[in-house]
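Here's the structure we're looking at; comments come further down.
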Amino acid sequence: MFLLIILDKFERYYITLASGALVLVLVFGVCMHSMSAIWGTLNLPSIFTSGFWYGASEEGNSGINWSTIFFIAGMMIMVEALGKAGFFRWLCLTLAKLVRYRIVPLLVCFMVLSAVLSMFIDSITVVLFLATVTLELAQTMKFNPIPMILSEVFCANLGGAATMCGDPPNIIVGTSLGYTFFDFISNTGVAVAICFVLVLIYFVLCFRKRLLRDEKNSGAAVCPQPGTAITNRPAFLLSAGVFLLAVILLATHAQTKLTVACIGVIVAALSLVVIGCTSGGKAVLEIIKGVDYKTLLFFIGLFVSVAGLKETGVLDVIARFITTVSGGNAAIIVVIILWISAVTSAFVDNIPFAATMIPVVRSIAAASGIDMGVLAWALSLGTDLGGNATPIGASANVVGTSVAAKGGYPISWGVYCKYCVGATVLVIAVSMGYLFLRYL
């Protein structure tokens, strides 16, 4: 499965679904003769329990993590509604106007916007909208958008590491190990805040001269006004209200006892009602069609494949190997998890790696007595930040470079790595220092 994902010859969801089917039939059925393993991996009864929606700990067992699936699907619907209402384009154009369309302040604003939005919305969506608006402004203001798009991609992955809902690996870590929105904010969020300041300085130093030269040569330009992004004001205001409600529910879900699956369903339902009432039934159908079902199927197949490794004891062997190599030393284990996660995620999609490593982290914590939280934060920071190093390390990178190429500004591996590898090593090193100083 990993090899085929790396080769990228087939769509990812085909690969994980086929892998999952082989696990169910060959491993659980033919080899183990275990219907209970098949049924436990499918994990369907959990959806119909009250604890799935309210009150219970969200720590998952092996098998399909339906909390993750429901939450991501709900957020996808909300984001589709926000995009249809013009929310993202309005936000970008408003910031551009606030800095009077000066390019270096615009770079800083878009980096901040990318990081902040990615704390609450999938980084793929954030990069898609930001890169598209950046290209539009670049054509009007006559500057090269590549520096800005590279910075936006990096900050989207960085911001996504700060919260449970920011990046798919964090959603998997949070729902599988029972951590809340505030657990992430108060742990990985602090590391991300420190890293963001350094990354902001790094990219401004890298690109400032080039952007100032572009600004000098561009002259006066007539740029689109923020109001042009809003075609349906009621839909815009109500969709923004749903987004604000989603942030509040996520921030308070440890107090309200609403699970992330329940929050996903609530915001999805409200988004569809808002669009239905303001734009009609046809718009609702467009939003439902716009949901990335391939990603949801990818997750389902992935969870089944990882369950096969768990049930057959393969993950326990990996956990024992890491514990043995490290001599049970907590500091060495944290370094191994952080750097292996970062290096692997630079070349392999970080979602399957995170899903595979979660049972390993749980086993290491049980065997060595190390606090599982420290290992979880190391895994989260490694997978989220390591993916920044190459154009294929995270889905947001692929989207950003694709949008740039489509707009006539292709970003080669050489150009991407020239600026992003150094920044990635910087943030991983800072994260390691943070983990040592705070927890070890």
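Can you tally the net charge around residue 227? Count Lys and Arg as +1, Asp and Glu as -1, for every other residue whose Cβ sits under 12 Å from the Cβ of residue 227. Neighbourhood net charge equals +3. Applying the Karplus relation 6.51 cos²θ - 1.76 cosθ + 1.60 with θ = phi - 60° to the range 301-317 yields 3J(HN,Hα) values of x, 5, 4, 5, 4, 5, 4, x, 5, 5, 5, 8, x, 5, 5, 5, 5 Hz, where x marks Gly and Pro.
Taking the alpha-carbon centroid of each part, what is the distance from the range 182-206 to the range 301-374 in angstrom? Rounded to whole Å, the Cα centres lie 25 Å apart. Packing around the peptides 208-217, 253-262, taken as the average count of other Cβ atoms within 10 Å per residue, puts them in this order, highest first: 253-262, 208-217. Summarised as an ellipsoid, the range 289-440 has semi-axes of 30, 21, 11 Å, derived from the eigenvalues of the Cα gyration tensor scaled by 5 and square-rooted, with the largest first.
Of the listed values (i) 68, 35, 16; (ii) 36, 27, 20; (iii) 43, 23, 22, grab the one calculated as semi-axes √(5λ) of the Cα gyration tensor in Å from the structure here. Calculated semi-axes √(5λ) of the Cα gyration tensor in Å: the matching label is (ii). Compared with the dominant Cα axis of the chain, that is its longest principal axis, helix 260-279 is turned about 40°. Using R0 = 25 Å, the C-beta based FRET efficiency linking residue 97 and residue 269 works out to 0.15. Residues in the range 210-268 average 50 Å² of solvent-accessible surface per residue, probe 1.4 Å, ligands and nucleic acids excluded.
Reported to the nearest whole Å, the Cα centre-to-centre distance from the range 94-130 to the range 145-171 is 11.
Placing unit charges on each Cβ (+1 for Lys and Arg, -1 for Asp and Glu) gives the chain a dipole about its Cα centre, and among 318, 264, 248 the Cα reaching farthest toward its positive end belongs to 248. Rounded to the nearest 10 degrees, the inclination of helix 66-84 to the longest alpha-carbon principal axis of the chain is 10 degrees. Under 15 Å of direct C-alpha separation, and excluding same-chain neighbours fewer than eight residues apart, residue 418 reaches no aspartates and glutamates at all. Roughly what angle does helix 146-160 make with the longest principal axis of the chain, taking Cα atoms, 0 to 90 degrees, to the nearest 10? The helix 146-160 is inclined about 40 degrees to the chain. The mean accessible area for residues of the range 20-123, using a 1.4 Å probe and ignoring ligands and nucleic acids, is 44 Å² per residue. Straight Cα distances below 27 angstrom link residue 294 to the lysines 9, 84, 282, 310, 406, with same-chain residues fewer than 8 positions distant left out.
Distance from the C-alpha centroid of the range 229-286 to that of the range 19-51: 33 Å, rounded to the whole angstrom. If you take the beta carbon distance between residue 212 and residue 289 as r and set R0 to 51 Å, what does 1/(1 + (r/R0)^6) give as a FRET efficiency, to the nearest 0.05? Efficiency for this residue pair is about 0.70. Loop-resident chymotrypsin sites (Phe, Trp or Tyr not before Pro) (DSSP state other than H, G, I, E or B) in the range 144-204 with no more than 16 further Cβ atoms inside 10 Å of their Cβ are absent.
Backbone amide hydrogens, once placed in the peptide plane, bring residue 54 within less than 5 Å of 259, excluding anything fewer than 5 places away on its chain.
For the chain, the fraction of 1.4 Å probe accessible surface lying on carbon and sulfur atoms is 69 percent. Only helices enter this figure: runs of n ≥ 4 DSSP H residues, each worth -39500 (n - 2.57), summed and divided by the residues of the chain, yield -25000 deg cm²/dmol at 222 nm to the nearest 500.
Solvent-accessible area per residue in the range 130-179 equals 14 Å², computed with a 1.4 angstrom probe and all protein chains kept.
Cβ-Cβ distance of residue 194 and residue 372, R₀ of 22 Å, FRET efficiency by 1/(1 + (r/R0)^6): the value works out to about 0.45. Database remark: amide H of residue 392 closer than 5 angstrom to no amide H (H placed geometrically; neighbours at sequence offset of 5 or more, or on other chains; Pro and chain starts carry no H). Put a dot 7 Å past the Cα of residue 418, heading toward its Cβ, do the same for residue 436, and the two dots end up 3.2 nm apart. Applying 0.36 nm per residue to the separation of residue 8 and residue 30 and subtracting their alpha-carbon distance, the gain on full extension is 5.0 nm. For the range 318-372, the list of chymotrypsin sites (Phe, Trp or Tyr not before Pro) that fall in a loop by DSSP and count at most 14 other C-beta atoms within 10 angstrom is empty.
The values are calculated or read from the model by the stated rules, or taken from the named source; none is laboratory data. Small disclaimer: the values here were computed from a predicted structure and weren't measured. Every residue, glycine among them, receives a Cβ derived from its backbone with ideal geometry; neighbour counts consider all protein chains shown. SASA here: full protein model, heavy atoms, side chains in, ligands and nucleic acids out. Shrake-Rupley method; radii C 1.70, N 1.55, O 1.52, S 1.80 Å.
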